[in-house]
Amino acid sequence: MTKRNAVVGQSGGPTAVINQSLVGVIEEARKSAHIGDILGARHGVRGIVKNDFIRLNDVPDELLERIAMTPAAALGSTRDKPDQEYCRRIFESFQKNNVGYFFYIGGNDSADTARIVNELARQAGYELRVFHIPKTIDNDLRVHDHCPGYGSAARYVACAIMGDNLDNRSLPGIKVDVIMGRNAGWLTAASVLGRKYEGDGPHLVYVPESPVTPDRLLADVDAVYRKYGRCLIAASEGMCTPKKVMDKRGERYQLWAELAAEDMAARLKPGEDKNLDLEPDDHGNRQLSGSGMLGDFIAGLIKRELGPKQPLDDKGKPRKLRVRADTFGYPQRSFVGCMSKVDAKEARLVGQMAVRYSADNVDGSVAMRRLPGKRYRIETFLTPLETVARDTRDLPAEWIVNGNDISQAFIDYARPLVGPLPEIGSFDELKQA
């Protein structure tokens, strides 16, 4: 068999285990009979067109293992969306470097890039095997049971919410935590894994798949606060209202982030600019929570509407309502020390399997599915690139309870991916003894 070289690249938002997949590709490619040089593309497709590669064949095993345990993209990532001219330059680089195998680690946008490159290679008569290796904390790739990167990010969210709930119990008030998830609520749903005792938060969970009006949210918060004297809210950055709006991509629900932008714009002084632009990037993605604006808007709404309704103090004024908001932001993606063991193992596996599949005359995305039985097990299979590209997978409607909570079925689904959480204690246990 004539050996041809392989290119491996990383794309999109980093994760805690994306380098496990990279190392899986490297270690399997080094053992293969059909791959020559293993070229790591700096910053994904951008590195390919710039001919910016690292030869990875002789990286010491000890260094590879440390890189595997290091969050974020070791080769660097990119948000570039290749067009026809961009792909032409990719092929020129592939031809120059005798590349016959392309392994691209990323989410659905990366799968779409892999699909475009694959189709153009066929049209050009260029012999190229293309493999998408899944990666996304959003867990929203179609066909895939779950995605490498999700388990570790979900673990971070569960642990952070667990700590925030304890804080909220110590100093009761209303707390809003904004969690990543532009189109799907998988990561926000993971917040419920942090519950241990009766009355633990998050008491309210809002995901993009279940639109909620401001009035309904306020009623939910008021009911929880009256019951527990506190309220912890897990809110997806992509949470929306039932109101339909039109944009360049068609009809969709109005985002709460848009309500927040409108509210802030109305409060601006003449000439003041707070960078409220929510226009999508080249991949159609909006920045929804990077500024903290959404959390501040929800907290402000609660304080403004529910504050005057609080019981009166000894001076005849409503008691002060303690409301705070945090945006979890980028730490969810690449937090050191919060890696799920199952996530790490499976991320390495899909990288290894991509190289094994490449020995055959096939292309596709390396997917995982669960095997039946009580014990958690998975197997991999290859699915066509077009089945994963572009569109996303929603959190199932049957896993959303009353529009503001998450069911036990989700917990059963997610717990094996996240692994055991830290053990905590409470004096409330004495009441049960």
Residues that are modelled with pLDDT of 95 or more and over 21 Å from the mean Cα position of the chain (by Cα), drawn from the stretch 1-22: R4, N5, A6, V7, V8
Selection from the stretch 62-91 of residues free of Cβ contacts under 8 Å to residues at least 12 places away in the same chain and closer than 24 Å to P148 by Cα yields E62, L63, R66
Given (1) in the same structural domain as D109 (by TED's automatic domain parsing); (2) within 19 Å of A260 (Cβ to Cβ), identify the lone condition not met by I179. (1)
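Condition first: farther than 18 Å from L321 by Cβ and either assigned to a strand (DSSP E or B) or outside the structural domain of S170 (by TED's automatic domain parsing) (or both). Now tell me which residues in the stretch 207-234 satisfy that.
Just the residues of the stretch 207-234 that are farther than 18 Å from L321 by Cβ, to begin with: 207-213, 216, 234.
Across the stretch 207-234, the qualifying residue is only A234.
Within the stretch 186-225, take every residue that is among the small types (G, A, S) and touching a helix residue (DSSP H, G or I) at 6+ places or on another chain (Cβ under 9 Å) and give me the one that is surrounded by the fewest Cβ atoms within 10 Å (Cβ to Cβ).
Among those residues, the one meeting the criterion is G199.
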Test: F94 is in the same structural domain as R42 (by TED's automatic domain parsing) and assigned to a strand (DSSP E or B): no
Residue pairs within 9 Å by beta carbon, gap of at least six or interchain, first lying in the stretch 153-169 and farther than 13 Å from C231 by Cα, second of a type in the set (D, E), listed first then second, are A153/D138; A153/D343; A154/D343; R155/D343; V157/D177; A160/D177; A160/D326; M162/D200
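Go through the stretch 364-376 residue by residue and tally those that are surrounded by 11 or more Cβ atoms within 10 Å (Cβ to Cβ) and either of a type in the set (S, T, N, Q) or out of contact with any His (no Cβ under 9 Å at 6 or more places or on another chain) (or both).
Filtering the stretch 364-376 for residues surrounded by 11 or more Cβ atoms within 10 Å (Cβ to Cβ) gives 364-370, 376.
Next, from what is left, pick out any that are either of a type in the set (S, T, N, Q) or out of contact with any His (no Cβ under 9 Å at 6 or more places or on another chain) (or both): 365, 376.
Residues meeting the conditions: 2.
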Taking the stretch 168-182 only, how many residues are farther than 18 Å from L306 by Cβ, of a type outside the set (A, V, I, L, M) and assigned to a loop (DSSP other than H, G, I, E, B)? 2
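The values are calculated or read from the model by the stated rules, or taken from the named source; none is laboratory data. Keep in mind it's a predicted model, so treat the numbers as computed, not measured. In this analysis, Cβ positions are derived from the backbone assuming ideal geometry, glycine residues included, and neighbour counts consider all displayed protein chains.
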